[in-house]
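Trainee: Below is the structure I would like to discuss, written out as structure tokens.
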Amino acid sequence: MTTQLPVLSLSHGSPMFALDVGQTGPILKNFGQHLQDAAQTPALRGVVIMSPHWMTRGPAVMTNPTPPTWHDFGGFPPALYQLQYPAPGAPALAQDVLQALQAGGLPAQADAKRPFDHGAWVPLMHLFPRADVPVVQVALPVEAGPREVYALGFALRHLREQGVFIVGSGGMTHNLGEFFGGRPELADPADPYVIAFSRWVEEAVQTNDRERLFNYRTLAPNAVRAHPTEEHFLPIFFALGAAGWGEPGAAPSPADYLGREVMYRYLAMDAFVLQ
């Protein structure tokens, strides 16, 4: 029987998540440690991660062997800019990703200079704090919607049998206007619309209701308020595609929710695993 690594969908929240770990940081750390320490078959070879902070005109893949840590944000405390995440790149794995995308009819370009943006390195600091797991980023195409992003993940699903851990890093909710306008505190109670949207998504995921989730923008409560623009929601579909979630004839595989924390009133930090 062929075994494969799980897929993770997570929310990376504010860049301050690197320092303000909340409940979600330790949860991700424990999960990453289990993934490395468990007697995995196959053994963990590397991470392939999509972040909304790398958007390109078409599919693109990081081939940089030594990606620097990019502090792609402004106005935060100096301590945040001192953080580094020196994980190695994985050019050989990147070539496998490129070939898989191309075989799936998704021509992708290599980017040998791409650094780690905070949508990748911030959550990876929690998952693999020793920075000892090779990482490849996949860009989010600017023209892609839920179906197209799902297809990107689906094209890579077989890599899970080769020790590849696939991660979609986005945000369950991401209204920066409300976040910066209200200046909420870390532990402020969640706004009701954040809970309503997040739990609607969870129900769709758990019931394998693919068409419903693909059309979340018109069906989910407060969808446009939760995501005035949808780039931070789209990486969830990268993870779902890599899991083969909702495929016709496939046996339902319930998601294992690791956390449902809300930070700063408006930032839902949902994280879940699919086998």
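The values are calculated or read from the model by the stated rules, or taken from the named source; none is laboratory data. The model shown is predicted, which means the values in this text are computed figures rather than measured ones. Cβ coordinates were reconstructed from backbone atoms using ideal geometry, including for glycine residues, and neighbour counts include every protein chain displayed.
Trainee: Filter segment 15-33 down to the residues that are over 23 Å from HIS158 (Cβ atoms) and surrounded by fewer than 21 Cβ atoms within 10 Å (Cβ to Cβ) and list them by number.
Mentor: Matches in segment 15-33: MET16, LEU19, ASP20, VAL21, GLY22, GLN23, PRO26, ILE27, LYS29, ASN30, GLN33.
Trainee: Then there's this: Give segment 166-214 a look and list any residue that's closer than 25 Å to PRO6 by Cα, in contact (Cβ under 8 Å) with a residue 60 or more places away in the chain and in a loop (DSSP other than H, G, I, E, B), or say none.
Mentor: GLY171, MET172, THR173
Trainee: Still on this model: Six or more apart or on different chains, Cβ under 7 Å: which pairs go from a residue in segment 90-103 that's buried (at least 20 other Cβ atoms within 10 Å of the Cβ) to one that's of a type in the set (Gly, Ala, Ser) and part of a helix (DSSP H, G or I)? Could you list them?
Mentor: Qualifying pairs under 7 Å: ALA100/ALA155; LEU101/ALA155.
Trainee: Sticking with this one: For a quick check of your reading of the model, give me the residue pairs whose first member lies in segment 224-239 and is touching a residue at least 24 places away in the same chain (Cβ under 8 Å) and farther than 20 Å from ALA155 by Cα, whose second is among the β-branched types (Val, Ile, Thr) and in a loop (DSSP other than H, G, I, E, B), with beta-carbon atoms closer than 8 Å and at least 6 apart or on different chains.
Mentor: Qualifying pairs under 8 Å: ALA226/THR173; HIS227/THR173.
Trainee: Can you report the number of residues in segment 34-54 which are among the small types (Gly, Ala, Ser) and either crowded, with 19+ Cβ neighbours inside 10 Å or under 20 Å from GLY153 (Cα atoms) (or both)?
Mentor: 2
Trainee: Sticking with this structure for a sec: Would you check which residues across segment 59-89 are surrounded by fewer than 14 Cβ atoms within 10 Å (Cβ to Cβ) and touching a Pro at 6+ places or on another chain (Cβ under 7 Å) and list them?
Mentor: Residues satisfying the conditions are PRO65, THR66.
Trainee: Within segment 246-267, how many residues are farther than 21 Å from ILE27 by Cβ, crowded, with 20+ Cβ neighbours inside 10 Å and not small (Gly, Ala, Ser)?
Mentor: Selection size over segment 246-267: 0.
Trainee: Then there's this: Among the listed residues GLN36, GLN95, identify the single one that is at pLDDT 95 or above and of a type outside the set (Val, Ile, Thr).
Mentor: Unique residue meeting the criteria: GLN95.
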